[in-house]
Amino acid sequence: MSKFSSLGSLASALAPFAAGGAFFFGAGLIVAPAQQVYLSGPPPPSPVYYPEAPAQPPAADPLDQLLAPVALYPDPLISLILPAAAFPSDVAAAGAYLSQGGDPAQVDSQPWDPSVRSLAHYPEVVTWMAQNGPWTQTVGAAFVGQPAAVMDAIQRLRALAQAAGTLTDTPQQQVVLDGNYVEIEPAQPDVIYVPHYDPAVVFVDQPYYGYHGPFFTYGPAYGAGAWLTFGCNWGGGGVVIVGANYWHGNGGWWHPPGPGRVEFGASVGVRPWGFPANRTAPRAPAGWQGRAQIVSPRVIGGAPAQPPRSAFRNIRTRGPAAVAVVARNPGAFKGAPINRAIMTRSSGPTAPRAEAPARPAAARPPSYAAREP
């Protein structure tokens, strides 16, 4: 009998025991039960799961980034900064004049654009703009080319700051909710203060946890005078030229009537600001929208200290980019109700805004009726 036949016979003999336990064979030899073995290739590797990358927060709208350093300035200053930025050479000249000891009382006789002469009554602002020439020129180019989008950017930033609790009334300025618009006016009857703030602190995607400021400090008190002949036309998307006592008259500041002041465009004695045909329009650096650092200004110093670390408990995005975060998902915002119509309006091309019906000049208090400059 061959070796293979013997092995086969042995296997057959042991088969009945395969289903049982161990058994004895011969002199005390324990034989384990037979097991069926399946031969195959190596087992497939276990699947590897990679955590999903967190979604990148949306980038700041270029105009939000550009306007953030001044968006929370009071309206009388905004109405001067925007048209003055359209004349960067005049701003540079005004800054040099004041820095070199020029008489502030003589700024109205200088050969600058009227908006720059008016702004020169606030040396801290015009000097800062002169020191940040690329930013000033870019703001001017944006305002000349798309004034409504610039005004919308300021409103987006204000709406977020107001809802997040960082923009509130102070002894220096007050916040006025006028329909769909957030307006900022001086709080004292005869002076304007320049606010100092850090955009990375006042613009956040959630309110601060257990912290309520301060978020602003203020520079010296500047007078309010007859040079305030520009106004913000929020509803009309631009700046208007107004009378010398439009902003300020007997008894202090006067808040013009009407939601967003859309009546400005047709009111008697008020006309829209436009860039003069005999001047060369400013041009922004090429590609600035994707390279904000090339026009980012040096923020005016003196802002309050950073909030404590614990206050950032719920905050994920700081600075102008927080506007885009909240606009993308306004339902997740835990602050005060936010104006979604303003927050979700992008800075892309927009259709011309419709003219509002004219409001008669008699509707304004006689002592504040706008006069032709």
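The values are calculated or read from the model by the stated rules, or taken from the named source; none is laboratory data. Keep in mind the model is a prediction, meaning the values are calculated, not measured. With ideal geometry, Cβ positions are generated from the backbone for all residues, glycine too; neighbour counts draw on all protein chains shown.
Does V204 fit the bill of being of a type in the set (A, V, I, L, M, F, W, C), closer than 30 Å to A286 by Cα and in contact with a Lys or Arg (Cβ under 9 Å, 6 or more places away or on another chain)? Break it down into steps so the answer makes sense when it comes.
Working: of a type in the set (A, V, I, L, M, F, W, C): yes; closer than 30 Å to A286 by Cα: yes; in contact with a Lys or Arg (Cβ under 9 Å, 6 or more places away or on another chain): yes.
Criteria met by V204.
Taking the stated definitions as given, is W135 modelled with pLDDT of 95 or more, buried (at least 17 other Cβ atoms within 10 Å of the Cβ) and more than 30 Å from P330 (Cβ to Cβ)? Walk me through how you get there before you give the answer.
Working: modelled with pLDDT of 95 or more: yes; buried (at least 17 other Cβ atoms within 10 Å of the Cβ): yes; more than 30 Å from P330 (Cβ to Cβ): no.
Criteria not met by W135.
Under 7 Å between Cβ atoms, at least 6 apart or on separate chains: pull out the pairs that start in the stretch 259-288 with a residue that is of a type in the set (S, T, Y) and end on any residue that is in a loop (DSSP other than H, G, I, E, B) and modelled with pLDDT under 90.
S267/A358; S267/R359; S267/A370
Residue-wise test of (1) within 26 Å of Q162 (Cα to Cα); (2) in a loop (DSSP other than H, G, I, E, B); (3) at pLDDT 90 or above.
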site: A277; (1), (2), (3): no, yes, yes
site: P285; (1), (2), (3): no, yes, no
site: I300; (1), (2), (3): yes, yes, no
site: Q306; (1), (2), (3): yes, yes, yes
site: A311; (1), (2), (3): yes, no, yes
site: A322; (1), (2), (3): yes, no, yes
site: V326; (1), (2), (3): yes, no, yes
site: G331; (1), (2), (3): yes, no, no
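Restricting to the stretch 84-120, give me the number of residues that are surrounded by 21 or more Cβ atoms within 10 Å (Cβ to Cβ) and either over 22 Å from G231 (Cα atoms) or small (G, A, S) (or both).
9
Right, P337: loosely packed, with under 14 Cβ neighbours inside 10 Å, at pLDDT 80 or above and either of a type outside the set (G, A, S) or not in a loop (DSSP other than H, G, I, E, B) (or both) or not? Please lay out each step first, then the result.
Values: loosely packed, with under 14 Cβ neighbours inside 10 Å: yes; at pLDDT 80 or above: yes; either of a type outside the set (G, A, S) or not in a loop (DSSP other than H, G, I, E, B) (or both): yes.
Against the criterion (loosely packed, with under 14 Cβ neighbours inside 10 Å, at pLDDT 80 or above and either of a type outside the set (G, A, S) or not in a loop (DSSP other than H, G, I, E, B) (or both)), P337 qualifies.
How many residues, within the stretch 193-232, are in a strand (DSSP E or B), crowded, with 20+ Cβ neighbours inside 10 Å and under 20 Å from the mean Cα position of the chain (by Cα)?
The number of residues fulfilling the criteria is 4.
Given the condition touching a residue at least 24 places away in the same chain (Cβ under 8 Å), surrounded by 23 or more Cβ atoms within 10 Å (Cβ to Cβ) and within 26 Å of A284 (Cβ to Cβ), answer yes or no: does some residue in the stretch 164-178 qualify?
no
What is the number of the single condition among (1) at pLDDT 80 or above; (2) of a type outside the set (G, A, S); (3) not in a loop (DSSP other than H, G, I, E, B) that R261 does not meet?
Unmet condition: (1).
Name, by its number, the condition in (1) crowded, with 23+ Cβ neighbours inside 10 Å; (2) within 21 Å of P285 (Cα to Cα); (3) of a type in the set (A, V, I, L, M, F, W, C) that does not hold for V125.
If we test V125 against (1) crowded, with 23+ Cβ neighbours inside 10 Å; (2) within 21 Å of P285 (Cα to Cα); (3) of a type in the set (A, V, I, L, M, F, W, C), just (2) comes out false.
Where the second residue is assigned to a helix (DSSP H, G or I) and polar (S, T, N, Q) and the first is over 15 Å from A324 (Cα atoms) and lies in the stretch 139-158, which pairs have Cβ atoms under 7 Å and are six or more apart or on separate chains?
Going by the 7 Å Cβ cut-off, there are no qualifying pairs.
Looking at the stretch 57-103, which of its residues are more than 11 Å from the chain's Cα centre (by Cα) and among the acidic types (D, E)?
Just the residues of the stretch 57-103 that are more than 11 Å from the chain's Cα centre (by Cα), to begin with: 57-58, 73-103.
Hits for the stretch 57-103 are D75, D90, D103.
Search the stretch 312-329 for residues that are under 13 Å from M343 (Cβ atoms) and pair each with any residue that is hydroxyl-bearing (S, T, Y) when their beta-carbon atoms are under 6 Å apart and the residues are at least 6 apart or on different chains.
V325/T317; A327/T344
Return the total of residues in the stretch 162-187 being acidic (D, E), assigned to a strand (DSSP E or B) and touching a strand residue (DSSP E or B) at 6+ places or on another chain (Cβ under 8 Å).
Our first condition is that a residue be acidic (D, E); within the stretch 162-187, this holds for 169, 178, 183, 185.
Now drop any that are not assigned to a strand (DSSP E or B), which leaves 178, 183, 185.
With the extra rule that they be touching a strand residue (DSSP E or B) at 6+ places or on another chain (Cβ under 8 Å), the set shrinks to 183, 185.
Residues flagged as acidic (D, E), assigned to a strand (DSSP E or B) and touching a strand residue (DSSP E or B) at 6+ places or on another chain (Cβ under 8 Å) within the stretch 162-187 amount to 2.
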